[in-house]
Amino acid sequence: MKRFVFSLSILFVLSLALNDRSAAGNITSGNLENCKNCNEGKSAEGNMSYVGSEICASCHADIYDAFLKSVHGKKMIPDSPANKRECESCHGPGSEHVFKPGRGKGIFVFNKDVPAKDRSSKCLACHEESKSLAFWDMSKHKSADVPCDNCHSIHYGTEKYLKAAEPDLCFSCHRDIRSQSNKQSHHPLKEGSIKCSSCHSPMGGFGVKMIKADSINELCYKCHSEKRGPFMWEHPPVEEKCLNCHVPHGSNHSKLLTEKVPFLCQNCHNEIGHPSTIYTRFETFKGTASSGKNRMFARSCLNCHSNIHGSNGPSARGSHWLR
Amino acid sequence: MLLAMILFSMSVSYSLAYEYRLETDIELTGELLDIEGNKAKFNEYRDIRDGLYGRIHLLYDSNYYFDFNAADIGYDTQNYRLEGGKWGSFKFYLDYFEIPHNFTFGTRSFYSGISTENLSFKGFPPSTDIGTWSTFDYSVKRKNYGGGFAFDMIKPFYLDVTISREEKNGVYPLGVAGTTPGGITIELPVPVDYITDTLKIEGGYIKNPLFLSLSLFMSEFDNDNHNLNFRNPATANTASTTDVLTLPPDNNYYKLSFNGGAKLPLNSKFNLNLAASRATSEVKLLDFLVDDVPGGRVPVSLSDKTFDGKIDTQNYNFVLTSNPVSFLDGKIFYKHYRRENNSDKITTIAEGETLTNSLFGYKKDDYGAEFGFRLPANLYLITGYNHVRTERKREDVPVNRDDVYSVDLRWSGLDFMTVKVGYEKLHRDAEFHAPDVAPDDPEFINTFVRRFDVAAKDRNTYKVSVDISPTENLNFSIGYKNKDTDYKDVVLGLREVKGDEFNIDADYTFGKVAKLNAYYDYEKVRYFQFQRQLPFNATSGFDPSTPPTAAAFNWDAKQKDRSYDYGFAADIYLIPKRLTLKLQHDYIRSNGDVDFTYHLGGNPLPAGRTQDNIDISNWDDYTLRSYMIKAIYNATKKLSLSAAYVYEKFTYSDAQLDGYQFVPATTGTNGAFLTGAYKDQSYRANVVFLSITYKF
């Protein structure tokens, strides 16, 4: 406890001492004159020349301040813009913009007027050699012309410089998934316990739907390792694909089932006796049927066949997933 | 202690750095909850209750950095994460978080020993007076401990290591048949005491034009309870018979993967992925089962008393992408996935029945291509085709061949509008093998069954969406999707699924005054299935074209699921940068029903039934309404205060749970000893939050 209090005290003192320290420089409009007189740093783009980030900061102080705090502003990272031309590393030479100021005029900007490919290529120029972007060329987002800056902010942002937190960011395009995740049976996505990126690689991968696994089941078993078995009595559709019975993003039916039981089971099992039986309102708790109700009420088939994901139970009790 | 460590680290770093940033913010939230109804459903993945919630964020940023976040401290959703490292050299993280999953609180059982692997009860039969039963909660909680580090300093090589442990504990409902066939059902509180340890090591090389990586993933699952022993109230020798429900076995899993990519001429790239995995388990099998016979136990003869499970998979992916000219993007790919079941094959003999487990395995070969064409008039056309051949060790449908064709067209000819249309067709062929049995064999019914997961089908999906941004501060989008699946060869089973989805979204920013957002989603799904009812021990009448009798006849069910949700949110900047008012309303509704039809010909329906009074009108019907009003006041740059009120009401009605009875009957197929799992899920809650945040 003493150590805790001591450490907290240090923190407090440090905070007070350093609170007003700002990394951003105080650039004034007077510096513009320096730019105008500058004949150095001519770029490949004709007569446009680099003006230096101090000039940028004179008008865009907030953004420049954010840039310095961001990963892009870290001089410790060898290839970061901080070690290149700072703002102009991404936005290109700024001389024309300085002389003809205006939103997006005379510089490279990340907005919808610029083709997605060109915007992404700015980012890829540095980030392509990272393992998270190693398979960007296979990404569905790339083939759908979704540029990096649709999701990532260059200057500000939350985790990973996302423009909004997951899942809201993803829902802004994937509205059908938002609708599904609103359903009463869902993974804890809205609650923030998991993220879209817990299962998907938005920047590309080999998995179908950009999932982070070679198969659907492999992905599910990462969190549901108890379903991995291997079981003596397997249920083949379960072993082939969890999605035969479950929808991962949300369902009106409990356990993320595609349909309610008993119908889901009866779609495959029409064997004589109770699997083939029509279970109606009469077989519910409120119904008046004289038999067969425990195949319909509560959890229906799962009232007895609870080990539906696989069993090591004895003989027919196991092969029918009853034990 | 953790905090102290962080601060210590920060102090050390302070001495090393010459320029740094230090940020701290602490938030304290007081919550008051007033709730009526199902507290577990309200808090399914949350822990909202009366109390004080804390959140801390500490950031030290210089050449070294440390970023610590803690939230919901002391609650079931508490989470802590420390990230740190040296920019450009290495990074690490340590985290701990909890995820609750609450199912039902206040459930009841006549068993003692709940949350252990031994359930028993005194006397016989068990009391049907639920007032004498013990109460407990169905709830599980995951506790995750993790850490990892990554080295960037060895570029172009890299090394990432992550390790984690997840403990999952609680009680979960599972049901068993007391006896079979025709017995009662018994709902059991099953203990969940799982530990899963994982380790991932990945190393590689990445420098254009080459990317190479090798990774090892290991996961070890350990279940403290391999069996649930329970006294079965449905068997003859009820005084002494202990029945057994087997629980998930311990397993070990590892996977070795190699990923690679190489840039090629013509703006092309070749990517490959090679992976192999193995999952194993070892289970001591039960040499008895419990049935309604004198003595209760029936011996089970086993060809091997231990089951050794072993599943191997192999996966190969080869993908070539290319952008040889500016107007063409292309991708061709091949994927092979194989699941081999190398587990023990064991023969069991019990009650005169000999059974041997099948070893299910399958392989998929998937190849195809996708091409994107940038056309004049701002049109972008993407066409795709892939073929998937699946071979599986399954008697009914050992082979499937899927052909998937897709075309998507995007038009962005106007600055303020993008229109997308898309179409996908899936055509599935299935090699169906009818069971080779005599027409009087009960298995003969499967001659007419086509199981939907493998049945031949045609699926057509159409979609269209329009995104409009007429001004910088207004965005509007509208989308529609139609997906129809026709299981064309199905005689018995699921024949048709039709779905329609519709979404609208709009957001508008009134300068510095307000930001508004609204959405609406609608979905309608219809299922049609056709079945044949046959009595137990039937030896004829399997063919659905056979004229119906009162005992053997066809029936169908048409299910409809209609869901819609809408929401409205407004951020009103009453005093810009000082006082913000947030308003939010969400409404979610599902309305399901089932329309049954008996195809009895001239035979009468069972007594009391008509074609109309058998239908179900409440099939997972629910409504969730929520309202939130929140005010945020930034008193100073360092201090902000907020107050919020949330009202949430969930009403749920379902034919399978309405009128819930713990013991509807004690014998026969109406018989059950239930515990109340998922009963009465409706709730109404009022929550008040008051928060203070201080930034140092």
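Each residue in the range A:113-145 was checked for being outside any helix (DSSP H, G or I) and either within 11 Å of chain B (Cβ to nearest Cβ) or touching a residue at least 40 places away in the same chain (Cβ under 8 Å) (or both), and 10 pass. Of everything in the range A:278-292 that is facing another protein chain (nearest Cβ under 7 Å) and under 44 Å from the mean Cα position of the chain (by Cα), the residue that is nearest to B:G659 (Cα to Cα) is A:F285. B:D152 meets each of the listed conditions (1) over 16 Å from B:D193 (Cα atoms); (2) away from chain A (no Cβ under 12 Å); (3) charged (D, E, K, R) apart from (2). When B:V388, B:V319 are checked against the criterion of being surrounded by 14 or more Cβ atoms within 10 Å (Cβ to Cβ), modelled with pLDDT of 95 or more, in contact with a strand residue (DSSP E or B) (Cβ under 9 Å, 6 or more places away or on another chain) and more than 8 Å from chain A (Cβ to nearest Cβ), B:V388 stands alone in meeting it. Within the range A:274-287, if we keep just the residues that are out of contact with any Phe, Trp or Tyr (no Cβ under 6 Å at 6 or more places or on another chain) and part of a loop (DSSP other than H, G, I, E, B), the residue that is surrounded by the most Cβ atoms within 10 Å (Cβ to Cβ) turns out to be A:Y279.
Would you check if A:V98 is assigned to a helix (DSSP H, G or I), more than 23 Å from the chain's Cα centre (by Cα) and either surrounded by fewer than 18 Cβ atoms within 10 Å (Cβ to Cβ) or not assigned by TED's automatic domain parsing to the domain that holds A:H249 (or both)? Let's see the steps before the verdict.
Values: assigned to a helix (DSSP H, G or I): yes; more than 23 Å from the chain's Cα centre (by Cα): yes; either surrounded by fewer than 18 Cβ atoms within 10 Å (Cβ to Cβ) or not assigned by TED's automatic domain parsing to the domain that holds A:H249 (or both): yes.
In short, yes.
Among residues of the range B:573-586 that are modelled with pLDDT of 95 or more, those with a beta-carbon under 8 Å from a residue that is part of a loop (DSSP other than H, G, I, E, B) at least six positions away or on a different chain give the pairs B:Y573/B:K512; B:Y573/B:V513; B:D586/A:N182.
Only one of B:A557, B:A538 is crowded, with 17+ Cβ neighbours inside 10 Å, of a type in the set (G, A, S), closer than 25 Å to A:L264 by Cα and modelled with pLDDT under 95; which?
The unique qualifying residue is B:A538.
Only one entry in B:F689, B:F662 is crowded, with 16+ Cβ neighbours inside 10 Å and within 12 Å of another protein chain (Cβ to nearest Cβ), namely B:F662. Counting only residues that are buried (at least 17 other Cβ atoms within 10 Å of the Cβ), within 24 Å of B:E166 (Cβ to Cβ) and among the aliphatic types (A, V, I, L, M), the range B:57-82 holds 3 of them. Against the list (1) surrounded by 18 or more Cβ atoms within 10 Å (Cβ to Cβ); (2) in a strand (DSSP E or B); (3) of a type in the set (V, I, T), the condition B:T675 fails is (2). Of the listed requirements (1) part of a loop (DSSP other than H, G, I, E, B); (2) in contact with a helix residue (DSSP H, G or I) (Cβ under 8 Å, 6 or more places away or on another chain); (3) facing chain B (nearest Cβ under 7 Å), A:E239 misses just one: (1). B:D95 passes every criterion in (1) within 30 Å of B:E19 (Cβ to Cβ); (2) crowded, with 17+ Cβ neighbours inside 10 Å apart from (2). Within the range B:176-224, being within 7 Å of another protein chain (Cβ to nearest Cβ), more than 30 Å from B:T107 (Cα to Cα) and touching a residue at least 40 places away in the same chain (Cβ under 8 Å) holds for B:G204, B:I206, B:K207, B:N208, B:F211, B:S213. Only one of the numbered conditions (1) within 21 Å of B:S406 (Cα to Cα); (2) of a type outside the set (V, I, T); (3) surrounded by fewer than 18 Cβ atoms within 10 Å (Cβ to Cβ) is violated by B:P324, and that is (1).
Considering only the range A:244-273, state which residues are facing another protein chain (nearest Cβ under 7 Å) and part of a helix (DSSP H, G or I). Don't jump to the end; show me each part of the working.
The initial filter retains those residues of the range A:244-273 that are facing another protein chain (nearest Cβ under 7 Å), namely A:244, A:252-254, A:259-260, A:263, A:266-268, A:270-273.
Selection gives A:N244, A:S254, A:F263, A:Q266.
Annotation note: of B:D408, B:D415, the sole residue that is within 10 Å of chain A (Cβ to nearest Cβ) and either free of Cβ contacts under 8 Å to residues at least 12 places away in the same chain or within 18 Å of B:D366 (Cα to Cα) (or both) is B:D415.
The values are calculated or read from the model by the stated rules, or taken from the named source; none is laboratory data. Since the structure is predicted, the reported quantities are computational estimates derived from the model, not experimental observations. As a convention, Cβ positions derive from the backbone with ideal geometry for all residues, glycine included, and neighbour counts pool all protein chains shown.
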